[in-house]
Each structure stands twice: as structure tokens, then as C-alpha cells.
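K.L.:
Sharing a structure here in C-alpha cells format.
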Amino acid sequence: MSKGIVMLAAGGTGGHLFPAEALAHSLKERGYSVHLVTDSRAERYAGKFPADEIHVVPSATIGSKNPVAIAKALFTLWQGTNQAKALMRRIKPVAVAGFGGYPTVPPLLAATRLGLPTMIHEQNAVMGRANKMLAPKVKAIAGGFLPETDGPYAAKTVTTGNPVRPAVLKAAAQPYVPSAGSSPFKLVVFGGSQGAQFFSTAVPTAVTLLPEALQKRLVITQQARPEDAEGVKACYQKLGLEADVSPFFTDMAERIGAAHFVICRSGASTVSEISVIGRPALFVPYPFALDHDQAANAALLVEKGGARVIQQSKLSAEKLADVLKVAMEQPQRLLETAHAAKQAGKPDAANLLADLVEAIAAGKAVSQFKGQRI
């Protein structure tokens, strides 16, 4: 017999749906029925979502300054809120959790107006616009990287971390083994579909500036856009290096697990996965990220000695070559960095989120969990 229905609200992108999906699995293992509420944009991601039912309610983004567009968006949100309210009166969820994106606004507003236990999860260290709108109204805020000790919502914020894929947990079981002497040094470079272009020029150029003895040790995995991949391959071939260059890798978690050093952007999922696996990294925040600051995502890891952050505007080929040289010549330092990164990881984030859902459903105060894992 089900312990009750938990409604999860997410949509717009896979980035919002992934942590919701991880939580859904954890809740179902505990005996809850899970319903997903989203909008039509997210239906393409929702096919494999482990929900007992999926509900679509209207939603809209308030991104325009045009008064007519704003009025239309507000009307759509009003419609969605009323539909969500009728839905919740019918199915009577024991708790409602949102994961960012405007599809979460109508159901969370409806839930708060009905007095239901509510929470939001923010993947990034800086809140997105939808979660900012909802933060004052919900009972609890779960954060991937949100600080618990400052800000207007600190009293109801719990840093649970971001759920990670099973492949990441498998990679995390591999201990970090430093590369010393003349042994191969495995370098992994990736930047996502938008963020990889900079690395396609910067990393090969930096490698050409390394002493030949260090170049020969490199074994490189690099994600590159289709239009950049051949040029990156040609550069490494000219140097006689072993390199696997592709627009996409299905086994990236495994490759990170085998890496001695990682160069990448600092999106929320990336930082979470690298910290759980425990690998030393150079984060180069994507400078054109909209809703959030990628530099802030990596701040905790940097503070604990588990990574380094350099802004793209300050990362010349010479600077990057120096970073690589130091990394390759100081294996003990990388081992310490890897250990610090892993200490900051939260491999049990999905279960921590489920704990928080059960707590608010039972009427417990978030303050009970301060300073300890839930």
C-alpha cells in the first residue's frame, strides 16, 4: 500500500528533470506513489520518468519586456495555477517538490495556496528565476551548492547536493592513482555543447607549449564540437599524441574516473559529478551562462582544496600550459586535491532529498536538520 502521493514539478530541460527523476526512484523505493507535473516542452524528456502519472499544466516564461507578452504570460501562469490547484484537490499529495524552470511555478503556487508541504531544489549556487520567485513561499529549500548559513532563506535551506547518475557512483568506487615519473598522464577535457569551443583552441595550443617529455606522457580525451573535432585531432596527431576526440562520449563518467586531471566548465551537474568521483580539476566557468554563475558552483570545492577556478578571460594558452606542467610534475599535490574533492562530494543526494520530503510531509521543521546530514 502506498504511503501517499508525492508530486514532483519540473520541466523545460533535462537539467531540471534529472534530479527530480533521481528523487522519484528513491521515493518509490520507500513506498510512495510519484506524480510528475510539467508542461508540454518537457514531455520529450518525461518518457522514461518513473512516475505513476504525468500531468501537463500550462506555464510560461516572463522573459519579455513587452507589456502584451507579459500579460499573456501572467494569464497562462494564472490558468496553470488554477488547473494545478484542481489537480491537487483531486489527488491530495502529501508533499510537492519543484526543481526549477517555469513549469514549476503554477504547481508550487497552487500547493502553497492550499497549505500543502512544499520544497524546491536548486541545482546551482545561485538561484534561477523561477526558484527565486518560489523561495519565500515554500517550507524548505534543498540546494546542490546553496549556502545554509547566509541569505534570506538560510533558516530553511539544506545542502543536500545534486543527485548523480549510477555511472558516476560506479566511477567513484575507483581510487585515484597518481601518475608519477614518465608514466602516462590521462587528461580529460569537456565543455558541453555550448562551452567546448574555447577548449578546442586553448588546450591543443597549451599542449604545444609543454616540454616534449611532458607531451609524450599525455593521453587525452577531449570533447569538441563537430566543426572543431578534426582540427583538434590534427593538432594532437602532429605532436604524435594519443588522443580520443569526439563531440560526445557515452562513457564520460568512466573516463573521468580514469583521469589524472580534468579541465571543464563548472555547471552544477559537472561539479557534482567530479566531486563525487573525486578527481582534481581546473574549472573554467562558461562566461555566457544566463540564470546562474558557474564560478559559484565550484566555490565550495575550491574552498576545500578540491579544485581550481580560472576565468576564461584570464586563461591564456601560456597560463594553461603552466597549470598543466605543475599538475603533471606534482602527483602528490594532485592526490591531495582528489581527496579533498571527494570529501566535498555528496553521493547520497537523492536519499537526502527523499529524507527532506518525508520530513516536511510529516510537518517537521527544517531547523532540525541544521549542521547534520538528514
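K.L.:
When the expected Rg is taken as 2.2 N^0.38 Å, what fraction or multiple of it is the alpha-carbon Rg of the stretch 1-136?
P.N.:
Normalised by 2.2 N^0.38 Å, the Cα Rg of the stretch 1-136 equals 0.99.
K.L.:
Reported to two decimal places, what Rg/Rh ratio describes the stretch 222-365 when computed on Cα atoms with Rh from the Kirkwood expression?
P.N.:
Reported Rg/Rh (Cα atoms, Kirkwood Rh): 1.04.
K.L.:
In the stretch 110-185, carbon and sulfur make up what percent of the accessible area (probe 1.4 Å)?
P.N.:
The value for the stretch 110-185 is 59 percent carbon and sulfur by accessible area.
K.L.:
Size of the chain along its principal axes in angstrom, Cα-based, largest extent first?
P.N.:
69, 46, 36
K.L.:
Which chymotrypsin sites (Phe, Trp or Tyr not before Pro) in the stretch 206-298 pass both tests, a DSSP loop state and at most 13 other beta-carbon atoms within 10 Å? Write down the numbers at each step before the final one.
P.N.:
On the way: sites: 236, 248, 249, 261, 283, 288; in loops: 248, 249, 288.
Passing sites in the stretch 206-298 are 248, 288.
K.L.:
Please report, for the Cα atoms of the stretch 293-374, the Rg to one decimal and the Dmax as a whole number; what are they, in angstrom?
P.N.:
18.4, 56
K.L.:
While we're looking at this one, here's another question. Give, in nm to one decimal, the length gained when the segment between residue 317 and residue 213 is fully stretched (0.36 nm per residue of separation minus the Cα-Cα distance).
P.N.:
Between residue 317 and residue 213, full extension yields 35.6 nm more.
K.L.:
Build a GNM of the chain with springs between Cα atoms under 10 Å: which of 134, 239, 320 gets the top mean-square fluctuation?
P.N.:
Top of the fluctuation ranking is 239.
K.L.:
While we're on this one: How many Å² of accessible area per residue for the chain, probe 1.4 Å?
P.N.:
Values: 16610 Å² over 374 residues.
Per residue, the chain has an accessible area of 44 Å².
K.L.:
Can you check what the Kirkwood hydrodynamic radius comes to for the stretch 204-301, Cα pairs only, in Å to one decimal?
P.N.:
Evaluated on the stretch 204-301, it is 14.8 Å.
K.L.:
Could I ask something else about it? Calculate the FRET efficiency for residue 234 and residue 303 from the Cβ-Cβ distance with a Förster distance of 45 Å, rounded to the nearest 0.05.
P.N.:
Values: r = 39 Å, r/R0 = 0.88.
My answer for the efficiency is 0.70.
K.L.:
Relative to the longest principal axis of the chain, what angle (0 to 90°, nearest 10) does the C-alpha long axis of helix 331-344 take?
P.N.:
0 degrees
K.L.:
Expected output is a single nm value to one decimal: the length gained when fully extending between residue 288 and residue 40, i.e. 0.36 nm times separation in residues minus the C-alpha distance. What is it? Mind dumping the intermediate values first?
P.N.:
Numbers: separation 248, 0.36 × 248 = 89.28 nm, distance 2.68 nm.
Contour length minus Cα-Cα distance gives 86.6 nm.
K.L.:
Next up: With a cut-off of 19 Å, note down the residues of the stretch 222-263 whose backbone N falls inside the zone around a label point 7 Å from the Cα of residue 326 toward its beta carbon.
P.N.:
So the set is 260-263.
K.L.:
Please go through the stretch 178-286 and write out the trypsin sites (Lys or Arg not before Pro) that DSSP classes as loop and that have at most 15 other C-beta atoms within 10 Å.
P.N.:
Loop-located and lightly packed - 216.
K.L.:
Ok, one more. Under a crude label model (7 Å from the Cα following the beta-carbon direction), how far is residue 254 from residue 54 in nanometres?
P.N.:
It works out to 2.9 nm between the two label points.
The values are calculated or read from the model by the stated rules, or taken from the named source; none is laboratory data. Just so it is clear, the model here is predicted, and its values are computed rather than measured. Heads up, the Cβs are rebuilt from the backbone with ideal geometry, glycines too, and the neighbour counts pull from every protein chain shown. Only protein heavy atoms, including side chains, enter the accessible area calculation; ligands, DNA and RNA are left aside. Shrake-Rupley method; radii C 1.70, N 1.55, O 1.52, S 1.80 Å.
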